[in-house]
Amino acid sequence: MKLLVINPNISDDVTALIESEALRSASPDTELVVRTAGRGVEYIETRFESLIAACAVAEIIAEHAGEVDGVVVAAFGDPGMPALKELADVPVIGITEAALCAAALQGHRFSIIAISDRIRPWYLDCVERFGLGGRLASIRSINESLNAIGSVQQDFKETLLALSRQAVAADGADVVILAGAPLAGLARELRGQIPVPVVDGISAGIRMAEAVVGLQSGHHRAGAFAPPPVKARRGLSENLDAALTTAQNAAQSTAHAAAAPSH
């Protein structure tokens, strides 16, 4: 199995954290291709920054079309999701949806621990989009300025631990999600120090992607996640235009086969 793991942020330090945790989490026979967004922001905190990142992620998926078995979008908030499922002919898994699914399987109510107050509204949107708003115990976050995005774990480990414990004691969380690629691997380090299961988004994303790819459920050729309809377009990169054309052609072939009379 070959997975494309994309950091939608432009931070190489965060990509290194993602890759380290992804390698620890992946099965021995899973090959990882880890890429960093070519444009965008250092770390995504808002819906608009997520919009910018989504385009960069789509370009990377298009660049690797036909080369991988699955894609992991490795930023909490899942930039570009679920729209990216319309482009790719392989499973595309966001670390938010993976973490939420993992949390939902391990407890009724969960809390999200985030790296900034500004990021909380966007995360709340994501939880509600997945229909899990009623199971969200809280979103707790660091309310101090960050020194560097790559050193958040080292700079705020005690704060993150305290926020996690507060989520359990004060908010009634059955599961804690350490949100965001900058916190990749921290759940391993804090194991045993928080009295409920702790979910790491990167680890969940890799393991969920492996599971979904292994299911071999088929592709989106119709329905809500079918490729966009064929129409005039301009200004797209060569890779993105080609990937979109391939997806549309496959959907049309499936539609023609379904419409053909059976004998």
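Look at the range 136-167 and say how many of its residues are touching a strand residue (DSSP E or B) at 6+ places or on another chain (Cβ under 8 Å), part of a helix (DSSP H, G or I) and surrounded by 18 or more Cβ atoms within 10 Å (Cβ to Cβ).
Step one: list which residues in the range 136-167 are touching a strand residue (DSSP E or B) at 6+ places or on another chain (Cβ under 8 Å), which gives 136-142, 160, 163-164, 166-167.
Still in the list and also part of a helix (DSSP H, G or I): 160, 163-164, 166-167.
Still in the running and surrounded by 18 or more Cβ atoms within 10 Å (Cβ to Cβ): 160, 163-164, 167.
Selection size over the range 136-167: 4.
I'd like to check something: does the range 186-193 contain any residue that is in contact (Cβ under 8 Å) with a residue 24 or more places away in the chain and farther than 27 Å from Y43 by Cα?
Filtering the range 186-193 down to residues in contact (Cβ under 8 Å) with a residue 24 or more places away in the chain leaves 186, 188-190, 193.
Filter again for farther than 27 Å from Y43 by Cα, leaving 193.
Scanning the range 186-193 turns up at least one residue that is in contact (Cβ under 8 Å) with a residue 24 or more places away in the chain and farther than 27 Å from Y43 by Cα.
Being surrounded by fewer than 23 Cβ atoms within 10 Å (Cβ to Cβ) and of a type outside the set (F, W, Y): is that true of I93 here?
On the way: surrounded by fewer than 23 Cβ atoms within 10 Å (Cβ to Cβ): no; of a type outside the set (F, W, Y): yes.
So I93 fails the test.
From the list G205, G201, G180, which residue is in contact with a helix residue (DSSP H, G or I) (Cβ under 9 Å, 6 or more places away or on another chain), crowded, with 21+ Cβ neighbours inside 10 Å and on the phi > 0 side of the Ramachandran plot? Can you show your working first?
Numbers: G205 fails: on the phi > 0 side of the Ramachandran plot; G201 fails: on the phi > 0 side of the Ramachandran plot.
Testing whether each residue is in contact with a helix residue (DSSP H, G or I) (Cβ under 9 Å, 6 or more places away or on another chain), crowded, with 21+ Cβ neighbours inside 10 Å and on the phi > 0 side of the Ramachandran plot leaves just G180.
Checking the conditions here, which among L190, L244 is among the hydrophobic types (A, V, I, L, M, F, W, C), in contact with a strand residue (DSSP E or B) (Cβ under 8 Å, 6 or more places away or on another chain) and at pLDDT below 95? Show your work before the answer.
On the way: L244 fails: in contact with a strand residue (DSSP E or B) (Cβ under 8 Å, 6 or more places away or on another chain).
Being among the hydrophobic types (A, V, I, L, M, F, W, C), in contact with a strand residue (DSSP E or B) (Cβ under 8 Å, 6 or more places away or on another chain) and at pLDDT below 95 holds for just one of L190, L244, which is L190.
Does V230 satisfy being among the β-branched types (V, I, T) and in a loop (DSSP other than H, G, I, E, B)?
yes
How about the range 138-187: which of its residues are within 20 Å of A102 (Cα to Cα) and acidic (D, E)?
D171, D174
What are the pairs with Cβ atoms under 9 angstrom where one residue, in the range 211-237, is modelled with pLDDT under 90 and the other, located anywhere, is among the β-branched types (V, I, T) and assigned to a loop (DSSP other than H, G, I, E, B)? Sequence gap at least six, or different chains.
Matching pairs, first to second residue: H219/V90.
If you check V71, V5, V57, which single one turns out to be buried (at least 24 other Cβ atoms within 10 Å of the Cβ), assigned to a helix (DSSP H, G or I), modelled with pLDDT of 95 or more and touching a Leu at 6+ places or on another chain (Cβ under 8 Å)?
The match here is V57.
Quick one: what pairs do we get from the range 98-122, first residue farther than 19 Å from R47 by Cα, second modelled with pLDDT of 95 or more and among the hydroxyl-bearing types (S, T, Y), C-beta under 6 Å, 6+ apart or different chains?
From the range 98-122, the pairs are S111/S138.
If you scan the range 19-54, which residues turn out to be assigned to a helix (DSSP H, G or I), at pLDDT 95 or above and of a type in the set (K, R)?
Across the range 19-54, the qualifying residue is only R24.
V41 - would you say it is free of Cβ contacts under 8 Å to residues at least 60 places away in the same chain, β-branched (V, I, T) and over 27 Å from N147 (Cα atoms)? Outline the logic, then answer.
Working: free of Cβ contacts under 8 Å to residues at least 60 places away in the same chain: yes; β-branched (V, I, T): yes; over 27 Å from N147 (Cα atoms): no.
When the stated conditions are applied, V41 does not pass them.
May I ask you to say which residue of A173, A251 is small (G, A, S), surrounded by 14 or more Cβ atoms within 10 Å (Cβ to Cβ) and part of a loop (DSSP other than H, G, I, E, B)?
On the way: A251 fails: part of a loop (DSSP other than H, G, I, E, B).
Just one listed residue meets the conditions, A173.
Examine the range 37-52 for a residue that is among the charged types (D, E, K, R) and surrounded by 19 or more Cβ atoms within 10 Å (Cβ to Cβ), and state whether such a residue exists. Reasoning before the result, please.
Kept after step one, since they are among the charged types (D, E, K, R), are these residues of the range 37-52: 39, 42, 45, 47, 49.
Going one step further and asking which of them are surrounded by 19 or more Cβ atoms within 10 Å (Cβ to Cβ), we end up with 45, 49.
Looking for residues that are among the charged types (D, E, K, R) and surrounded by 19 or more Cβ atoms within 10 Å (Cβ to Cβ), one finds at least one in the range 37-52, hence yes.
The values are calculated or read from the model by the stated rules, or taken from the named source; none is laboratory data. Bear in mind that the values here come from a model prediction, so they are computed numbers and not experimental data. Cβ: placed from backbone, ideal geometry, glycine included. Neighbour counts: every protein chain shown.
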